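The values are calculated or read from the model by the stated rules, or taken from the named source; none is laboratory data. Quick caveat: nothing in here was measured; it's all calculated off a predicted structure. Using ideal geometry, Cβ is built from the backbone for each residue, glycine included, and neighbour counts are taken over all protein chains shown. Surface accessibility is based on the protein's heavy atoms, side chains included, excluding ligands, DNA and RNA. Shrake-Rupley method; radii C 1.70, N 1.55, O 1.52, S 1.80 Å.
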Amino acid sequence: VYFVVSGCVKILRGGGFADVVQAAGKQEMRSRSRHQVVVALVAAGDIIGELGALLECGRSATIVALTPCQIVSIPCTDFMACMRSHPPFAIAVARKIARRLVDTNRQVELMRGKVEDRVQALNRYCNSLGLNSERLFSNAEIARMVGASRVAVSQVVNRLRRECGETDPKIKLSAGKL
């Protein structure tokens, strides 16, 4: 279990995977590549890996630092002992999990709106974490995060840049726009 003391990380799921296929009368392992998807952005004060510890299962995601980070690692056995012996700690962890569920439900609701609204919502969220989404994520990655095509996201980003009068892709657009 990891506690993010400072900085921000992205949590990725997916990536390459292997299939067992029947080819020419015998079984073969074939690997296929699929995109990794950012499923969460985690900032200072957040916890990572608590579900794996609680459910006694292995890791299911990859963590990548977006900014310089300080992270504290706690072995699962110590984490579970602390959960059992310190009810206020267990309640705080439960609240973190509940907050993440509420945020996930909100993100699912955003997937139903216009692409522009989804992109702007992602940008507002990144801004709230002190992150510049344009510097950290490609249009393809933003598209996977908001459930849209890269082309649609690129069109939205370019239109918002024109509306803001900004042409340099490395310049952060205002918080009200992308």
Report summary line: For region 118-139, the count of residues that are of a type in the set (A, V, I, L, M) and either in contact with a helix residue (DSSP H, G or I) (Cβ under 8 Å, 6 or more places away or on another chain) or without any contact (Cβ under 8 Å) to a residue 40 or more places away in the chain (or both) equals 4
Query - Considering residues of region 135-154 that are farther than 17 Å from Arg112 by Cα and outside any helix (DSSP H, G or I) only, the residue least open to solvent (accessible area, probe 1.4 Å) - result: Phe137
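Can Val39 be described as within 18 Å of Phe3 (Cα to Cα), open to solvent by 60 Å² or more (accessible area, probe 1.4 Å) and at pLDDT below 85? Walk me through how you get there before you give the answer.
Working: within 18 Å of Phe3 (Cα to Cα): yes; open to solvent by 60 Å² or more (accessible area, probe 1.4 Å): yes; at pLDDT below 85: yes.
So Val39 fits the description; yes.
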